[in-house]
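The values are calculated or read from the model by the stated rules, or taken from the named source; none is laboratory data. Remember, predicted model here, so these are calculated numbers, not experimental data. Glycine gets a Cβ as well: all are built from the backbone with ideal geometry, and neighbour counts include every protein chain shown. All accessible areas refer to the heavy atoms of the entire protein, side chains included, with ligands and DNA or RNA removed. Shrake-Rupley method; radii C 1.70, N 1.55, O 1.52, S 1.80 Å.
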Amino acid sequence: AQSVSQHNHHVILSEAASLELGCNYSYGGTVNLFWYVQYPGQHLQLLLKYFSGDPLVKGIKGFEAEFIKSKFSFNLRKPSVQWSDTAEYFCAVKLRGGKLIFGQGTELSVKP
Amino acid sequence: EAGVAQSPRYKIIEKRQSVAFWCNPISGHATLYWYQQILGQGPKLLIQFQNNGVVDDSQLPKDRFSAERLKGVDSTLKIQPAKLEDSAVYLCASSLDSGTGSNEQFFGPGTRLTVL
């Protein structure tokens, strides 16, 4: 069965630290990959997506993610986090037909 | 552009009662999704509509859950009767295309259901 695994449940960083959130998926077909973010009190919103082409994709607010097909991974990175990045981050894979399979989420807390 | 609207935002009921949630997608969006998000987990798809037809309801507990999108616009999700394990946030999302394209899904604020 298709699944998405996020390595960390809760990450705590200080401002200006670098961030990498791990995501691995289990799906044998052509993959479309997403990172969604949910800021406190807000709804899920798209951070970035990969459909094809350059495996290094850039999203909003300085985030980027790298698709590594051989490792079935799509890790999220940011060189320097800010307090405002405190949120929950979800990795998802889109199956043929449009269904999204989400990981369990990673809660990021950034200390000012 | 107005986002996906959902109501109510919060609902508390007792087990065995029934409850209904409403969703109005972004205007012009053909595909509508209902997800269930249990605390500590990622959202899980319950049902997907394209216009007013069901595309995927494989994970919808059909003995107690039902959903409709009669005119291909807004949608309702019903639980009857509710169980304790139905406590979750119910998210509605919509996308412009049929789901197979590159358009993203836009999510509403969700309805937080507590079953006592």
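Structure notes:
- Among residues of region A:73-93, those that are open to solvent by less than 20 Å² (accessible area, probe 1.4 Å), within 15 Å of A:LEU47 (Cα to Cα) and either more than 10 Å from chain B (Cβ to nearest Cβ) or not hydrophobic (A, V, I, L, M, F, W, C) (or both), counted: 8
- Tally of residues being in contact with a Leu (Cβ under 7 Å, 6 or more places away or on another chain) and in a loop (DSSP other than H, G, I, E, B) across region B:31-49: 1
- Residues of region B:12-26 include none that is within 12 Å of chain A (Cβ to nearest Cβ), surrounded by fewer than 14 Cβ atoms within 10 Å (Cβ to Cβ) and either assigned to a loop (DSSP other than H, G, I, E, B) or of a type in the set (A, V, I, L, M) (or both).
Conditions tested, residue by residue: (1) under 29 Å from A:ASN8 (Cβ atoms); (2) in contact (Cβ under 8 Å) with a residue 12 or more places away in the chain; (3) among the aromatic types (Phe, Trp, Tyr); (4) open to solvent by 60 Å² or more (accessible area, probe 1.4 Å).
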site: B:HIS29; (1), (2), (3), (4): no, yes, no, no
site: B:ILE38; (1), (2), (3), (4): yes, yes, no, no
site: B:LYS44; (1), (2), (3), (4): yes, yes, no, yes
site: B:VAL115; (1), (2), (3), (4): no, yes, no, no
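- Filtered residues of region A:31-71 (kept if of a type in the set (S, T, N, Q) and either in contact with a Cys (Cβ under 6 Å, 6 or more places away or on another chain) or under 20 Å from A:GLN104 (Cα atoms) (or both)): A:ASN32, A:GLN38, A:GLN42, A:GLN45
- Odd one out for A:PHE34 among (1) away from chain B (no Cβ under 11 Å); (2) within 11 Å of the chain's Cα centre (by Cα); (3) not charged (D, E, K, R): (1)
- A:SER52 vs. criteria within 11 Å of chain B (Cβ to nearest Cβ), surrounded by 13 or more Cβ atoms within 10 Å (Cβ to Cβ), of a type in the set (S, T, N, Q) and not in a helix (DSSP H, G or I): no
- Among the conditions (1) open to solvent by less than 10 Å² (accessible area, probe 1.4 Å); (2) more than 13 Å from chain A (Cβ to nearest Cβ), the only one that B:SER7 does not satisfy is (1).
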